[in-house]
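The values are calculated or read from the model by the stated rules, or taken from the named source; none is laboratory data. Given the structure is predicted, the values throughout are model-derived calculations rather than measurements. Cβ placement follows ideal geometry from the backbone for every residue including glycine, while neighbour counts extend to all protein chains displayed.
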Amino acid sequence: MLPDKKGYFGKFGGRFVPETIMAALLELENAYKKVDKTFKNELSGYFKNYVGRPTPLYFAKRLSDKLGLKIYLKREDLCHTGAHKINNALGQVLLAKKMGKTRIIAETGAGQHGVATATVCALFKMKCDVYMGDEDIKRQALNVFRMKLLGANVIPVHSGSKTLKDAINEAFRDWVTNVKHTHYLLGSCVGPHPYPMIVRDFQSVIGKEAKKQIIEIEGKLPDYLVACVGGGSNSIGLFYPFYKDKSVKFIGVEAGGLGISSNKHAATLVKGDPGILHGTKSFVLQNNSGQIKETHSVSAGLDYPGVGPEHAFYKQIHRADYVAIDDKKAIEGFKLLSETEGIIPALEPAHAIAYLKYYPKKLKNRSASRRIIIVCLSGRGDKDIDIVKNQLQIKY
Ligand SMILES: *Cc1c(COP(=O)(O)O)cnc(C)c1O
């Protein structure tokens, strides 16, 4: 099973880090290798009683009829704190506790991972510092306040573009100097080995549950899995448990921003090239001299110029297809799900819903029976209401 011992998925992944971080990564890798039954039972207990797992696999009948497909939604929006991020945050905080750490640091873009981290730190009485770009602090005032209520300290980052990428840089810098007592709780399946593996494993609860649920309901495997891809954690969490089921096709939906020919997007796998960012080899958005490009998406959670190395590998071996959906279509997806099912999605999974609306033909075959599609509904839309309101220019 991938990755290999050095953390490679094919030619992607690895650890491109200075010596000082190496020791911390090895300590984390060793602690993770020792994860045992007791640890897994403890985590499952929190998943069940604290997060509210298993999340439902909901048959979206009205949406299905409208699009001529058979669509099931994996309801990660119903997780405590409103998105899948808590699955990984809980797993890693338990690991940190096992390693004897007393302080957690994290990065956050939109604030969802910051909130999930602040939540588990309150639960386990850990000191919590969250790095957040100055721009994002301005854009996401509500989540900043939530983190503070939960007892976390939010540290503004003024370097670079003052967004997620810069917050990750600062978190790594902090980790190097304070590694003895500090765990860096990285929020997606990116960064140097062992992070992409650890985050995938904790998020795989999504796909494991979905597989069991669809077999109970339909008596067979789905035809397609569709999920949005920022760093790639909710999608890999859904895909990975189906990796060996070759009949199940994977579709990852990236942020097309203002259009993939506009240079204002975050479609890393669709438009990027192989390169190194934050200690891992994967696809990145870079210019001709290798500088990381600025990205744009209406949804802050997808606004990242890199992507997890396992996705780069899936792309290379054609295990998954990656597509881009632009801001405008994502907003339509947001409205469509709200109006047909009474579920207001986060703008990130609204990209996946919009894909179903715009490319239903690609998801059909000639036989009469409808294709079965599972979409990961990675989070709920409360945090995005103001953004959508502005985009639609609605006045109240
Ligand atoms: C953070 C976030 C994402 C994007 O992150 P991935 O690691 O790609 O899953 C998607 N959806 C929601 C709701 C998020 O909060």
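Residues of region 209-218 include at least one that is more than 16 Å from the ligand (Cβ to nearest atom), basic (Lys, Arg) and more than 18 Å from residue 108 (Cα to Cα). Looking at the structure I just gave you, is residue 255 assigned to a strand (DSSP E or B) and either in contact (Cβ under 8 Å) with a residue 12 or more places away in the chain or surrounded by 23 or more Cβ atoms within 10 Å (Cβ to Cβ) (or both)? Spelling it out, residue 255 is indeed assigned to a strand (DSSP E or B) and either in contact (Cβ under 8 Å) with a residue 12 or more places away in the chain or surrounded by 23 or more Cβ atoms within 10 Å (Cβ to Cβ) (or both).
For the criterion of being within 22 Å of residue 231 (Cα to Cα) and free of Cβ contacts under 8 Å to residues at least 40 places away in the same chain, residue 119 passes. Taking the criterion of being touching a helix residue (DSSP H, G or I) at 6+ places or on another chain (Cβ under 8 Å) and within 18 Å of residue 218 (Cβ to Cβ), the only residue of region 74-91 that qualifies is 74. On the stretch given as region 172-199, residues that are surrounded by fewer than 24 Cβ atoms within 10 Å (Cβ to Cβ) and in contact (Cβ under 8 Å) with a residue 12 or more places away in the chain total 11. One residue stands out in region 97-114 among those that are away from the ligand (no atom under 15 Å from the Cβ) and assigned to a loop (DSSP other than H, G, I, E, B): the one that is surrounded by the fewest Cβ atoms within 10 Å (Cβ to Cβ), namely 100. Across region 172-197, what is the number of residues that are within 13 Å of the ligand (Cβ to nearest atom) and either in contact with a Lys or Arg (Cβ under 6 Å, 6 or more places away or on another chain) or closer than 21 Å to residue 100 by Cα (or both)? Going through region 172-197 one residue at a time, the tally reaches 4. Restricted to region 153-171, and to residues there that are more than 14 Å from the ligand (Cβ to nearest atom) and among the polar types (S, T, N, Q), the residue that is nearest to the chain's Cα centre (by Cα) is 169. Of all residues in region 213-226, those satisfying the criterion of being surrounded by fewer than 15 Cβ atoms within 10 Å (Cβ to Cβ), in contact (Cβ under 8 Å) with a residue 24 or more places away in the chain and not acidic (Asp, Glu) are 217, 220. Where helices (runs of 4 or more DSSP H) fall entirely within region 306-389, those with at least 2 residues that are at pLDDT 95 or above and small (Gly, Ala, Ser) are at 327-341, 347-358. Of the listed requirements (1) within 14 Å of the ligand (Cβ to nearest atom); (2) crowded, with 22+ Cβ neighbours inside 10 Å, residue 146 misses just one: (2).
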